[in-house]
Amino acid sequence: MKTNQTFTLIKPDAVGNGHIGPILNKIAEAGFTFKALKMTRLTQSAAEAFYAVHSERPFFNELVSFMASGPIVAAVLMKDNAVDDFRALIGATNPEAAAAGTIRKSFATSVGENAIHGSDSNENAAIEIAFHFPESEQF
Ligand code: IDP
Ligand code: MG
């Protein structure tokens, strides 16, 4: 299993608020390189599939509607220790609890509309990368 890759999505709130550029810049400044990058939009069913692990959570419908509500930016990121280093860069799920300087602290709106996704394990990174990017879109 590759341990130097992770998957991210800039969520519809951050895209709509004009934060694509500043967020990509923070990612690059933190030492990640881009193996794949695209602006796209999730259908309701793609959002349900992506977040299937949360299907029993009370906020699932809200989460799926939000994730399908507007364009997103998806990327595959490369760096040593990519998964853990990227989770540190984005910060806690709730921006009120996120550390200063993290992407969620700087750009998130609320615990649900929290600007960015980062894979939580190498296994899930591989699954999420395959879900969003065929091999032909990875460089
Ligand atoms: P994570 O994105 O930090 O890994 P998870 O607990 O895996 O956080 O939750 C997935 C996503 O579900 C969060 O990023 C957020 O968008 C949404 N979410 C989590 N908790 C809540 C909540 O209490 N209310 C609404 N949305 C939530
Ligand atoms: Mg998670």
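Quick notes on this one:
- CD proxy at 222 nm, helix term only [per DSSP H run n ≥ 4: -39500 (n - 2.57); per residue of the chain; nearest 500]: -10500 deg cm²/dmol
- Loop-located chymotrypsin sites (Phe, Trp or Tyr not before Pro) in region 7-110, at most 14 other Cβ atoms within 10 Å (DSSP): Phe59
- Remark on the chain: Rg and Dmax equal 13.8, 39 Å (Cα only).
- Solvent-accessible surface of the chain, taken per residue with a 1.4 Å probe and all protein chains present: 50 Å².
- Relative contact order for region 20-134, counting Cα pairs under 8 Å that sit 6 or more residues apart, in percent: 24
- Solvent accessible area, Å² - Arg87, 1.4 Å probe, full protein context: 90
- On the chain, 52 percent of the accessible area sits on carbon and sulfur atoms, based on a 1.4 Å probe.
The values are calculated or read from the model by the stated rules, or taken from the named source; none is laboratory data. Since the structure is predicted, the reported quantities are computational estimates derived from the model, not experimental observations. A quick note on method: Cβ atoms are made from the backbone with ideal geometry, for glycine too, and the neighbour counts reach across all protein chains shown. Areas reflect the complete protein model, heavy atoms only, side chains present, ligands, DNA and RNA absent. Shrake-Rupley method; radii C 1.70, N 1.55, O 1.52, S 1.80 Å.
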